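Peer 1: Please read through the structure below; I'll follow up with questions.
The values are calculated or read from the model by the stated rules, or taken from the named source; none is laboratory data. All of these numbers come straight from a predicted model, not from anything done at the bench. Don't worry about glycine lacking a Cβ; one is built from the backbone with ideal geometry, like all the others, and counts go over all protein chains shown. Just so you know, the surface numbers come from the protein's heavy atoms only, side chains and all, with ligands and any DNA or RNA stripped out. Shrake-Rupley method; radii C 1.70, N 1.55, O 1.52, S 1.80 Å.
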Amino acid sequence: MKYRSTRGGVSGISFTDALLMGLADDGGLLIPDHIPDVSHSLPDWRGRDFVQVAQTLLKLFIDDLEHDDLDNLTAEAFANFDTPEVVGWKHLDGLDVLELFHGPTLAFKDVALQLLGKLFEHVLADRGERLNILGATSGDTGSAAIAGVAGMENIKIFILYPKGRISSLQELQMTTVPDENVQCISVSGTFDDCQRIMKSIFSDLQFKAAYSLGAINSVNWARVLAQIIYYAYASLQKDCESVDFVVPTGNFGNIFAGFIAKKMGFPIGRLLVATNENDILDRFFKTGEYSLGEVFRTNSPAMDIQVASNFERFLFYHFDEDANKLCSFMEEFAQSGKASISGPLCSETFLSCSISQAETEETIAEINSKYGYIVDPHTAVGIRAASSIVTDDPIVCVATAHPAKFPDALGRAIGHRPSHDRLSGLSDLEERKQEVPADEAEIKKVIHNFTAPA
């Protein structure tokens with residue numbers, strides 16, 4: 001299996017090279033040169049546990065690591081979860097909730113980033129190289145990425161996050177990590193500012209090479225690859241022709257992994273893009289227009305995004321893998337903040353729905369009252385959106401975070417603040433962070449100072 005860029009300037013590279021490159025050197029996103037077809041071997045996949053599904057699936061995309069090494073890394077990555085099956089299930093009337101928050105930082109990002117940390121460590125040790133990871137977070141990616149690589153000798157990690165726009169617990173999960181290879185950067189701006197600066201820095205190929213920069217956001221193909229696993233696994237748990245998934249969506253990486261799992265032939269029906277009031281993706285799928293709007297602060301902050309970084313990968317496949325069409329679309333969007341394709345995109349594959357803050361809190365309260373079950377605001381967006389689906393297929397809503405990570409929003413919705421042992425006491429720990437303006441030069445300066453020889 002080789003990898004190529006959506007923009008056509010990079011091709012024929014191995015998985016481990018793609019892992020370390022992160023964002024493609026031509027500014028595009030790396031994807032496999034073909035999608036494996038498992039549709040004729042699904043009976044062989046059924047009955048396997050989560051780790052076995054992961055080990056089998058990863059080998060379809062990774063052929064430059066020894067199979068035994070890959071199996072061991074995969075088993076190690078998922079050994080630190082609170083449930084033996086890595087994921088959990090909650091059955092509600094007409095809806096199954098797939099709990100992806102049983103990892104070290106209580107967020108779905110752990111599923112991918114525990115594995116990514118192991119892959120980085122193994123590949124860098126094998127090559128005798130070092131890596132400086134640059135990432136941006138709208139909430140959960142930062143702490144999960146840090147948990148995946150904290151304390152590793154050959155890795156340093158820089159996480160950008162928007163000051164005041166993530167929950168206090170999400171910030172404390174990052175800034176209280178004491179390991180010296182961790183640097184948290186509070187940016188005066190939005191998450192889109194953080195993401196824009198991160199991509200711009202990666203596009204400075206001279207700086208990227210000089211500072212050995214790598215990516216841990218879902219611009220890194222390995223992140224998406226790891227997320228395909230839980231769609232494959234979950235779809236195989238139902239004895240039916242297909243399963244519909246509802247996915248709380250911000251950066252489009254999570255739901256794009258479901259899209260690839262469907263293309264591989266796993267029994268997946270439709271994918272519902274569930275957004276909050278930052279509805280650029282909902283508007284696109286309903287009208288064909290991708291246009292910037294104001295970034296609203298909501299009670300589901302991980303979705304407070306206008307530019308979805310992984311959307312480019314979907315567009316590449318929508319344009320029948322035509323890099324020129326993709327580049328034209330992205331250039332038009334970069335110049336004008338708007339680009340369009342013909343007609344709405346809601347189809348047999350994608351549906352979309354936008355949920356307001358009031359509806360989110362209503363849903364949290366209703367689910368708690370009816371089932372005694374507490375969900376975080378992002379998952380509540382998905383559950384509310386699920387009610388818009390008309391289908392005979394089983395519906396699975398992806399639960400993205402433990403509710404204890406959002407005590408203020410839950411306090412408003414249900415009158416008390418849920419807790420978790422892994423979060424208690426964080427406010428008593430010392431914080432380490434740097435506050436900087438939303439300025440690329442200032443962030444490059446932080447990277448330089450932190451990586452310069454002592």
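Peer 1: Suppose every Lys and Arg Cβ carries +1 and every Asp and Glu Cβ carries -1, with no other charges. What dipole size does the chain come out with about its Cα centre, to the nearest 20 debye?
Peer 2: That gives a dipole near 540 debye.
Peer 1: Hey, of (1) 63, 46, 45; (2) 84, 51, 43; (3) 59, 51, 48, which did the structure itself give for Cα extents along the principal axes in Å when calculated?
Peer 2: Derived directly from the coordinates: (3).
Peer 1: Give the average over all directions of the projected area of the C-alpha convex hull of the range 56-171, one decimal, in nm².
Peer 2: For the range 56-171, averaging the hull's shadow over all directions gives 9.2 nm².
Peer 1: With the convex hull built on the Cα atoms of the range 135-222, state its orientation-averaged projected area in nm². Working shown, then result.
Peer 2: Details: hull surface 22.4 nm².
Mean projected area of the Cα convex hull: 5.6 nm².
Peer 1: How much of the accessible area of the range 112-208, probe 1.4 Å, is carbon plus sulfur, in whole percent?
Peer 2: Carbon-and-sulfur percentage of accessible area, whole number: 43.
Peer 1: Counting only GluC sites (Glu not before Pro) that are in a DSSP loop and have at most 15 other C-beta atoms within 10 Å, tell me the longest site-free stretch of the chain.
Peer 2: Free of exposed loop sites, the longest segment is 349-429.
Peer 1: Percent antiparallel among DSSP beta bridges with both residues in the chain, to the nearest 5? Working shown, then result.
Peer 2: Numbers: 14 of 50 bridges.
In the chain, approximately 30 percent of DSSP beta bridges are antiparallel ones.
Peer 1: Going through the range 98-144, which trypsin sites (Lys or Arg not before Pro) have at most 16 other Cβ atoms within 10 Å and a DSSP loop state?
Peer 2: Values: sites: K109, K118, R127, R130; in loops: R130.
When the trypsin sites (Lys or Arg not before Pro) of the range 98-144 are filtered for loop state and at most 16 Cβ neighbours within 10 Å, R130 remain.
Peer 1: Additional query: Which of the three applies to the range 1-112, rounded, prolate or oblate, going by the alpha-carbon gyration tensor with a ≥ b ≥ c and a/c under 1.5 meaning rounded?
Peer 2: Prolate, because a/c is 1.5 or more and a/b exceeds b/c.
Peer 1: Using the 2.2 N^0.38 Å rule of thumb for compact globular proteins, work out how the range 30-72 stacks up: its C-alpha Rg over that value, please.
Peer 2: On the way: Rg = 11.4 Å, N = 43, 2.2 N^0.38 = 9.2 Å.
Relative to the 2.2 N^0.38 Å estimate, the range 30-72 comes out at 1.24.
Peer 1: Shifting gears a bit: Roughly how many percent of the accessible protein surface of the range 304-447 is carbon and sulfur, given a 1.4 Å probe and a whole-percent answer?
Peer 2: Exposed carbon and sulfur together represent 45 percent of the surface.
Peer 1: Here are some pairs, K263/K286; K263/K338; K156/K445; K59/K199; K156/K208; K90/K199; which of them have Cα atoms lying more than 26 Å apart in this structure?
Peer 2: Beyond 26 Å between Cα atoms: K263/K338; K59/K199; K90/K199.
Peer 1: Next question, about the same structure. Mean projection of the alpha-carbon convex hull of the range 355-441 over all orientations, in nm²?
Peer 2: 9.2 nm²
Peer 1: Tell me the mean residue ellipticity at 222 nm calculated for the chain from its helices only (DSSP H runs of n ≥ 4, each -39500 (n - 2.57), averaged over every residue, nearest 500).
Peer 2: The per-residue figure over the chain is -12500 deg cm²/dmol.
Peer 1: On average, how much accessible surface per residue is there in the chain, in Å², for a 1.4 Å probe, leaving out ligands, DNA and RNA?
Peer 2: Solvent-accessible surface per residue comes out at 37 Å².
Peer 1: Where both partners of a DSSP beta bridge lie in the range 255-384, what percent of those bridges are antiparallel, to the nearest 5? Please report the intermediate quantities before stating the final value.
Peer 2: On the way: 3 of 8 bridges.
Counting only bridges with both partners in the range 255-384, antiparallel ones make up about 40 percent.
Peer 1: Which percent of Cα-Cα pairs in the range 277-429 sits in each 10 Å bin, short to long?
Peer 2: 10, 33, 29, 19, 9, 0
Peer 1: Between D126 and H34, take the C-beta separation as r, use R0 = 22 Å, and let me know the FRET efficiency to the nearest 0.05.
Peer 2: Values: r = 26 Å, r/R0 = 1.17.
Result of the calculation: an efficiency of 0.30.
Peer 1: Taking every DSSP beta bridge with both residues inside the range 53-194, roughly what % is antiparallel (nearest 5)? Intermediate values should be presented prior to the final figure.
Peer 2: Numbers: 5 of 17 bridges.
Expressed as a percentage, antiparallel bridges in the range 53-194 total about 30.
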